[in-house]
């Protein structure tokens, strides 16, 4: 497209109408998504206080598979910044939680988002959101076992 054609297209009367139409679509999409986002934030604020209590109950230390499942499950529900998972993981390791449980927790925390699932389903489609979260959960478990195995071989 040449400069003249571009200027003609921008200066055409349909250009402001297209811009207005796009702005209306974007605002409509935002207002459709707003209740789901607010619900997700409220749900997150209800779940977050219970995460430290789960660790106080001694849910880790039974077996490698249970540690990985528990860590991935807790990490899937958490909806806080990933940096917090790294700090929490370090604290858990220093308190005696197995490496496989902490690795599964951190990987699931970053990749799986059960709390954000409604927003993701609205934006990307329900089927895609569910499959992505299921695969991310499965790969969090696989990565936890592989990481722990590699670190044990290297020691």
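Pull out all pairs, ordered by first then second residue, where Cβ-Cβ is under 7 Å, the residues are six or more apart or on different chains, the first lies in the stretch 48-71 and is at pLDDT below 65, and the second is surrounded by fewer than 15 Cβ atoms within 10 Å (Cβ to Cβ) and in a loop (DSSP other than H, G, I, E, B).
Close Cβ pairs satisfying both conditions: 48/80.
From 74, 97, 80, 102, which residue is out of contact with any strand residue (DSSP E or B) (no Cβ under 7 Å at 6 or more places or on another chain), within 17 Å of residue 135 (Cα to Cα) and in contact (Cβ under 8 Å) with a residue 24 or more places away in the chain?
The match here is 74.
Within the stretch 11-44, how many residues are assigned to a helix (DSSP H, G or I), at pLDDT below 70 and farther than 20 Å from residue 124 by Cβ?
Final tally of qualifying residues: 2.
Quick check on my filter: what residues within the stretch 90-118 are crowded, with 21+ Cβ neighbours inside 10 Å and in a helix (DSSP H, G or I)?
Listed by number, the residues that qualify are 100, 101, 102, 103, 104, 105, 106, 107, 108, 109.
The values are calculated or read from the model by the stated rules, or taken from the named source; none is laboratory data. Keep in mind that what you see is a predicted model, and the values were worked out from it rather than measured. Heads up, the Cβs are rebuilt from the backbone with ideal geometry, glycines too, and the neighbour counts pull from every protein chain shown.
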